[in-house]
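The values are calculated or read from the model by the stated rules, or taken from the named source; none is laboratory data. If you're wondering where the values come from, they're calculated on a predicted model, not measured in any experiment. Cβ atoms come from the backbone with ideal geometry, glycine included; neighbour counts cover every protein chain shown. Side chains included, ligands, DNA and RNA excluded: accessible areas come from the protein's heavy atoms. Shrake-Rupley method; radii C 1.70, N 1.55, O 1.52, S 1.80 Å.
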Amino acid sequence: MRKLIETFWTPVACDVCGAEETGLSTLGTRIGRIIQKHHDYTWRHEDVQCTQCGFVFNRLRPTAEFLRDYYTDCWPIASTSIDIVPDFDVAVRLELLHRWLKPKARVYEIGDKLGEFHTALLKAGYDVAGDDVMAVDTERAEWLDGLFRRGCVAVPPTAMKQAFDAVLAYFVIEHLANPRDWLLSMRGLLTQDGVLVIEVPHLVRHPKEALMHEHFLYLTPESLTALVQEAGYEVVEIRETGASRAFGFSLVARRVEMSPPIALAPLQEQAAELQAAYQRGRALLNHAQDNLATSADLIIQGVDASDTPVRVCFFGANQTASEIATLIGPQLKQKAIKILPYDNSDVKTGTHLEGFEISVKKPDPSEFHPSVLHICVICSRGWTQAIASQIRQFGLPRFILVDGAAGELLPKH
Ligand SMILES: [Zn+2]
C-alpha cells in the first residue's frame, strides 16, 4: 500500500478583493487522491465565487510543507527510450519578450522545470539568472531554484532587489497559495520599469485545464489584471489567445510606483460568465472520469472477444493508468490475465502503482509474444501519438490500441 499524505487546509479571503468568508459563495467541493512518485496526496477544493468582485477560486490552501513535499515528489520528465519535445511554443514566448525587452536584458524565469526555456533565453541573447548565480551564493541559489521546492513561498533575499528587467512566470501563479505576497516580492526584484510576464490557463476558454487540481486561482484576463494592479503593477499587454500553451493567455505588466486604481468593474461584469465556465469545467472533468470507465469497458470487451491468450499493457505509469487498472483489476484477476505497467521514463522504472501487482518496466519489444493479443492502453498527457507509433513499430501481429484518457480505440496503422 502506498502512503497517503494529508494536511490542514486553511480557508482564505478573496485573493483579488480581500472579501472574507461571508462574501464568498460556494460553487462546488472536490476531494481527490493524487499519485506522485513516492506517495499519494489528498487534495481538497472548496471552489467559491466572491460575491463582491466575481472572482472564482479554491478558498482552501494547504500548508507550505505539503506543497513542498508534493512538488518535490513529482515525476521528472526524462527518458532515454523516447524523444520528449517541449509541450509549449518557444517561439511564441520569445516573440512577446522581444516586444518588451531590450537585447541582453536581465531576466529571471521562475518555475522552469526542465530548463528548456532557460536555454532558449540564453540562445536569444538574454542575461538569464541561473547557474552562475547559483554557483556563488547558496542563499540566492536556493531561492532561485526553489519556489516549488519551498512550498510556493517566495521571499527573495535583499541582495537580489531591483536586479531584473523582467520576471517570467509561465503557468506558475495559479499554483501559488499566496499569490499577492508573491507578486509583491517579484515587484521588489524588478528594475524601475521592469516587466512581469505571466501566462496562466484561461478559465472561460479552457475551464477544464483551469480547474486542474493543483490550481488555487481560476483566472481570466480581468481577474489577473485586478490581482497584479493590487500588487503595484500596470498592465501593458494582454493576449487572450496565442499563448505558449493552447489553453493559456498572456499578460505583461510593468512595475509602477503609484498603483493605478484597481479595475474591478470588468471582473464584476463577467461574474455570471465565470460561474457558467466553472460549471462547464466541472462537467468536462466528470466527463474525463467517465472516459476512464469507457476505456475499462473497451479493455474488457477486447478480452472477452479474444480467442487467444491476452495481456493488458499500460503505457504511461500514472494516475490515469492506476485508475483504469483498478477498475479492470478484479475481472481480469478472475480470468488470470496479467496487467503490466510500462513507462518510457527512466525514473519510473521499478516503482509500484496502485492497481498493479507488478512494478513499472520500460517497454521492451522482446517481451511481446506474437501468439498473445496485447491490449495496449496508452495513458499519456502529451505524447499519445508518439507512444502509439512506438507500439506500432514493435510489429506485433495482434494488438489493440486504447487511448486511456480519451476512452477511445486508436488506429493500428
Ligand atoms: Zn473578491
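Some notes on this structure:
- When SER295, SER259, SER250, SER244 are checked against the criterion of being polar (S, T, N, Q) and not assigned by TED's automatic domain parsing to the domain that holds HIS215, a single residue qualifies: SER295.
- For the range 1-57, the candidate set comprises residues that are within 16 Å of the ligand (Cβ to nearest atom) and among the polar types (S, T, N, Q); within that set, the residue that is surrounded by the most Cβ atoms within 10 Å (Cβ to Cβ) is GLN49.
- Residues that are without any contact (Cβ under 8 Å) to a residue 40 or more places away in the chain, more than 18 Å from the chain's Cα centre (by Cα) and in a strand (DSSP E or B) within the range 22-54 comprise LEU24, SER25, THR26, THR29, GLU46, VAL48, CYS50, listed in sequence order.
Residue-by-condition table, conditions (1) aliphatic (A, V, I, L, M); (2) farther than 30 Å from LEU184 by Cα; (3) in a helix (DSSP H, G or I):
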residue	(1), (2), (3)
ALA263	yes, no, no
PRO266	no, no, yes
ASP290	no, yes, yes
ARG311	no, yes, no
SER322	no, yes, yes
LEU327	yes, yes, yes
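- Lone unmet requirement of (1) more than 22 Å from GLN289 (Cα to Cα); (2) open to solvent by less than 60 Å² (accessible area, probe 1.4 Å); (3) modelled with pLDDT of 90 or more for ILE375: (1)
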